[in-house]
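Before any comments, here is the structure.
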Amino acid sequence: MSSFTTPLHVSPMPDGKKWRIVRPFIYHHGSRYSRKVIKIPSGRETDFASIPKIFLPLLPFWAKYSKPSPIHDELYRVKAIAGKPITRKKADQVFLEAMLIDFRNHRSGKFVAYLEYWAVRLFAWLAWKNK
């Protein structure tokens, strides 16, 4: 099973919308000791889940501010895992994998993970293209 190997430490930005990662954040994709490591360096910014306000009432609070979102942001930024290029579909699949791990203790976690996954599959193509 994949794993988050460090805690996520963030600090809010002055705009009130973005957060800065203050310590490197590491995720092992595929298995706990995988060499497919996604490392987000300190100083990177995230807006966590980019959920349109109209849909926010449909999701629990914890779904927006979760560990998988900065990972997804980083994959869209660098378009690679461990230096190897990836497709947008792969980035979205890693996002789903991370959500299923992070949300596993929430009653509606699996449902929320798939809801967010399909939202990015359908609507995040522009973000992939622009980063």
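Only the coordinates and a few stated rules stand behind these numbers; no lab work does. Predicted, not measured: the structure shown is a model, and the values here were computed from it. When we count neighbours, we look across all protein chains shown, and the Cβ atoms used for this are built from the backbone with ideal geometry, even at glycine.
Observations on the structure shown:
- Between Ile51, Ile71, Ile40, the distinction of being in contact with a helix residue (DSSP H, G or I) (Cβ under 9 Å, 6 or more places away or on another chain), surrounded by fewer than 19 Cβ atoms within 10 Å (Cβ to Cβ), under 22 Å from Ala124 (Cα atoms) and of a type outside the set (Gly, Ala, Ser) belongs to Ile51 only.
- For region 120-130, the condition holds for at least one residue, the condition being that it is exposed (fewer than 14 other Cβ atoms within 10 Å of the Cβ), within 18 Å of Arg44 (Cα to Cα) and out of contact with any Gly (no Cβ under 7 Å at 6 or more places or on another chain).
- Here region 6-37 is the region considered, the condition is being under 16 Å from Ile81 (Cβ atoms) and either among the small types (Gly, Ala, Ser) or free of Cβ contacts under 8 Å to residues at least 12 places away in the same chain (or both), and the residue that is surrounded by the fewest Cβ atoms within 10 Å (Cβ to Cβ) is Tyr33.
- In summary, Ala82 fulfils each of the numbered conditions (1) farther than 16 Å from Ser2 by Cα; (2) small (Gly, Ala, Ser); (3) surrounded by fewer than 15 Cβ atoms within 10 Å (Cβ to Cβ) with the single exception of condition (1).
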